[in-house]
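As structure tokens, the structure follows; a few thoughts come after it.
Just so it is clear, none of the values below were taken in a lab; they were calculated from the coordinates. None of the values given here were measured: they were computed from a predicted structure. Here the Cβ is made from the backbone with ideal geometry for all residues, glycine too, and neighbour counts use every protein chain on show.
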Amino acid sequence: MRKNIVAGNWKMNTTVQEGVSLAGEVMAALKSTAHNCDVVICTPFTHLVPVAGVIDQNILGLGAENCADHTSGAYTGEVSAQMVASTGANYVILGHSERRQYYGENNETLKAKTRLALDNNLTPIFCVGEVLEERENGTYNDVVKAQVEALFDLSADDFSKIVIAYEPVWAIGTGKTATADQAQDMHAHIRQVIADKYGKEIAENTSILYGGSCKPGNARELFAKPDVDGGLIGGAALKAADFMGIVEAFN
């Protein structure tokens, strides 16, 4: 059975001290509240080691927001998958729309990052999604299909280790949200794309998260859909109470 997952993406927010405090709040809340999903926080690189020191990863998973597409070498400012893994983190977000849009990441770059993440026993949370123009001109299914297919060089065994996150890019940070039906339609489409390549069993066991302005107020409706297995949470992950409100949508 595939896992339900709520993963927080802190983006470029919080100082180390603020991040440790926030992680501690989430950890305390998880210890005192029953929850029916896996919970992960993905923090800036600078926070990984100190945050790892204040959480129990049997209860709260830890991930990075990115990693490099090279193993090591003269790549000033980059952080490799091996470095991420050495902090104690177990997850890494790859292909987030902001990385694609602002930093020119493409399918070839993301193939390399995914391979290195897997080689270092990190679970990639691989992001796909369409921009507003693609949603409006009707090409969104083809766009997302091509993004998922970027991973189709992987063996079935390796692909089965990946979490997919669907982000309607037009709904990130805009206050707009895809309707629960729109989210379900795309998640079902992604699952079918996977099934066509790797078979129904792997498709049915792949967790597909929704990543577009998910909040405590709409999480329950989204998560009730059969192909929506949780959320990749941005702004709402920066307040423990809001984040826990989303986690509790699975209760």
Discussion item. Could you identify which residue out of Asn121, Asn58, Asn90 has the top mean-square fluctuation in a GNM of the chain using Cα springs shorter than 10 Å?
Written reply: Asn58
Fill in: Packing rank of 178-187, 98-107, where each peptide gets the mean count of other beta carbons within 10 Å, highest leading
178-187, 98-107
Worksheet item: What number, in percent, do you get for the relative contact order of the range 5-250 if the mean sequence gap of Cα pairs under 8 Å and at least 6 apart is divided by its residue count?
Response: 21 percent
Discussion item. Defining a contact as two alpha carbons under 8 Å apart and six or more residues distant in sequence, what relative contact order in percent does the range 155-251 show?
Written reply: 31 percent
Worksheet item: Which FRET efficiency value, to the nearest 0.05, is calculated for Glu18 and Ala52 with the Förster distance at 25 angstrom and r the Cβ-Cβ distance?
Response: 0.95
Worksheet item: Gly231's amide H: which non-local residues (gap 5+, or another chain) put their own amide H closer than 5 Å, with H modeled 1.01 Å from N in plane and none for Pro or chain starts?
Response: Ile5, Val6, Ala7, Tyr210
Fill in: Distance from the range 1-44 to the range 114-157 (C-alpha centre basis), Å
24 Å
Worksheet entry | Under 5 Å, built H, 5+ apart or other chain: amide partners of Ile41 | Gly8, Gly61, Leu62, Gly63
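If you keep only loop residues by DSSP, which chymotrypsin sites (Phe, Trp or Tyr not before Pro) in the range 148-248 have at most 16 other Cβ atoms within 10 Å of their Cβ?
Sparse-neighbourhood loop chymotrypsin sites (Phe, Trp or Tyr not before Pro): Phe152.
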Practice prompt. Rounded to whole Hz and in sequence order, give me ³J(HN,Hα) for the range 17-33 from the Karplus expression 6.51 cos²θ - 1.76 cosθ + 1.60, θ = phi - 60°, writing x for Gly and Pro.
Written response: 5, 5, x, 4, 5, 5, 4, x, 5, 5, 4, 4, 5, 5, 5, 9, 10
Discussion item. Cut-off 19 Å, label point 7 angstrom out along Cα-to-Cβ of Thr71: give me the residues of the range 156-181 whose amide nitrogen falls inside.
Written reply: none
Discussion item. Taking the number of other C-beta atoms within 10 Å as the exposure measure, put Val169, Val6 in order starting with the fewest.
Written reply: Val169, Val6
Fill in: Amide hydrogen neighbours beyond the local backbone of Leu94, cut-off 5 Å, H modeled
Ile125, Phe126, Cys127
Discussion item. Run the reach check for Lys11 against lysines, Cα to Cα strictly under 20 Å, same-chain hits fewer than 8 apart removed. What comes back?
Written reply: Lys113, Lys176, Lys215, Lys239
Practice prompt. Would you mind computing, in nm to one decimal, how far apart the modelled labels at Lys31 and Phe45 are, each placed 7 Å from Cα along Cα→Cβ?
Written response: 3.1 nm
Worksheet, complete the sentence: Residues Ile164, Ile55 in order from fewest to most other beta-carbon atoms within 10 Å are Ile55, Ile164
Item to complete: Just the number, please: percent antiparallel of the DSSP beta bridges in the range 5-250, rounded to the nearest 5.
Response: 0 percent
Worksheet entry | Helical mean residue ellipticity (222 nm; -39500 (n - 2.57) per DSSP H run of 4+; nearest 500) of the chain | -12000 deg cm²/dmol
